[in-house]
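Peer 1: Next up is a structure, given as structure tokens.
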Amino acid sequence: MTEAEPRYRVPSQPPSTTLPRRENEVLADYLIAKIIGRGPITREECFEVLGERTRSCNDYPAAR
């Protein structure tokens, strides 16, 4: 079976698809609380999210 066969096709959303207002609000609240203005990610945070075996986390600085 190849990727071109129907089993592997995933329909894309039409260009006009948008999030409902409440989902936009929840997303904005999350971004403000967790990401915007918080500074760079630390090695420890990377390991916490991705796991101790994630080698790329070593690219981040250790927490001070």
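Peer 1: Give the residues of the range 16-34 that are surrounded by 10 or more Cβ atoms within 10 Å (Cβ to Cβ) and not small (Gly, Ala, Ser), sorted by residue number.
Peer 2: Across the range 16-34, the qualifying residues are Leu19, Glu23, Asn24, Glu25, Val26, Leu27, Asp29, Tyr30, Leu31, Ile32.
Peer 1: If you don't mind, another one. Can you tell me which residues in the range 1-56 are at pLDDT 90 or above and on the phi > 0 side of the Ramachandran plot?
Peer 2: Gly51
Peer 1: Restricting attention to the range 36-49, which residues are open to solvent by less than 90 Å² (accessible area, probe 1.4 Å) and either within 14 Å of the chain's Cα centre (by Cα) or within 13 Å of Arg64 (Cβ to Cβ) (or both)?
Peer 2: Hits for the range 36-49 are Gly39, Ile41, Thr42, Arg43, Glu44, Glu45, Cys46.
Peer 1: Out of the range 25-64, which residues are among the basic types (Lys, Arg) and either touching a helix residue (DSSP H, G or I) at 6+ places or on another chain (Cβ under 6 Å) or not in a helix (DSSP H, G or I) (or both)?
Peer 2: Arg38, Arg43, Arg53, Arg64
Peer 1: Enumerate the pairs (first residue in the range 16-34 and in contact (Cβ under 8 Å) with a residue 40 or more places away in the chain; second residue anywhere and of a type in the set (A, V, I, L, M, F, W, C)) with beta-carbon separation below 7 Å, excluding pairs fewer than 6 apart on the same chain, so at least 6 apart or on different chains.
Peer 2: Close Cβ pairs (under 7 Å, with a partner that is of a type in the set (A, V, I, L, M, F, W, C)) do not exist here.
The values are calculated or read from the model by the stated rules, or taken from the named source; none is laboratory data. These figures come from a predicted structure and were not determined experimentally. With ideal geometry, Cβ positions are generated from the backbone for all residues, glycine too; neighbour counts draw on all protein chains shown. The protein model used for the area step is the full one, side chains on, heavy atoms only, and it has no ligands, DNA or RNA in it. Shrake-Rupley method; radii C 1.70, N 1.55, O 1.52, S 1.80 Å.
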